[in-house]
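Worksheet: the structure to be examined is printed underneath.
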Amino acid sequence: MTETAKAVPDTFLESLARDVAMVLRRMGGSAHQKDVCDWVAALRRQRGEQVSPELPELVREVFERYRDWFFRPFGEGSNRWALAPGAA
């Protein structure tokens with residue numbers, strides 16, 4: 001866990017994980033990590049929320065922490081993420 005993620009409440013990370021899952025569903029179930037970050041930022045701005053510069057780091061933390069929701073379809077070296085079967 002990164003220092004930034006340690007300072008963020010678990011409730012925020014869970015909310016962010018829900019946003020990431022929604023974005024992945026809208027993107028067909030999988031996407032590159034950078035694209036997911038861009039879409040989550042746009043979604044949060046659309047709702048009138050502040051988007052911190054640490055968002056990409058927090059999205060990476062969400063992907064790692066919620067491995068029962070997300071996985072790397074092309075293996076651990078890839079930056080492409082997908083919804084886990086049953087998470088959709």
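The values are calculated or read from the model by the stated rules, or taken from the named source; none is laboratory data. Here the structure is a predicted model, which is why all the values come from computation and not from measurement. In this analysis, Cβ positions are derived from the backbone assuming ideal geometry, glycine residues included, and neighbour counts consider all displayed protein chains. Note: areas computed on protein heavy atoms with side chains; ligands, DNA, RNA excluded. Shrake-Rupley method; radii C 1.70, N 1.55, O 1.52, S 1.80 Å.
Within the chain, the longest segment free of exposed loop sites, counting trypsin sites (Lys or Arg not before Pro) that fall outside DSSP classes H, G, I, E and B and have at most 10 other Cβ atoms within 10 Å, spans 1-46.
Over the chain, dividing the summed -39,500 (n - 2.57) contributions of all DSSP H runs of at least 4 residues by the number of residues returns a 222 nm mean residue ellipticity of -16000 deg cm²/dmol. Once both labels are positioned 7 Å from their Cα atoms along Cα-to-Cβ, the gap between residue 80 and residue 25 label points is 2.2 nm. Extending 7 Å from the Cα toward the beta-carbon at both residue 32 and residue 72 defines two label points whose distance is 1.6 nm.
Between the Cα long axis of helix 55-65 and the first principal axis of the chain there is an angle of about 50°, rounded to the nearest 10.
Solvent exposure of the chain amounts to 58 Å² per residue of accessible area, where only protein heavy atoms count and the probe is 1.4 Å. Annotation for the stretch 20-88: GluC sites (Glu not before Pro) lying in DSSP loop with at most 10 further Cβ atoms inside 10 Å of their Cβ are 76.
Taking the chain as a Gaussian network of alpha-carbon nodes connected by springs under 10 Å, the highest mean-square fluctuation of the residues 15, 52, 30 belongs to 52.
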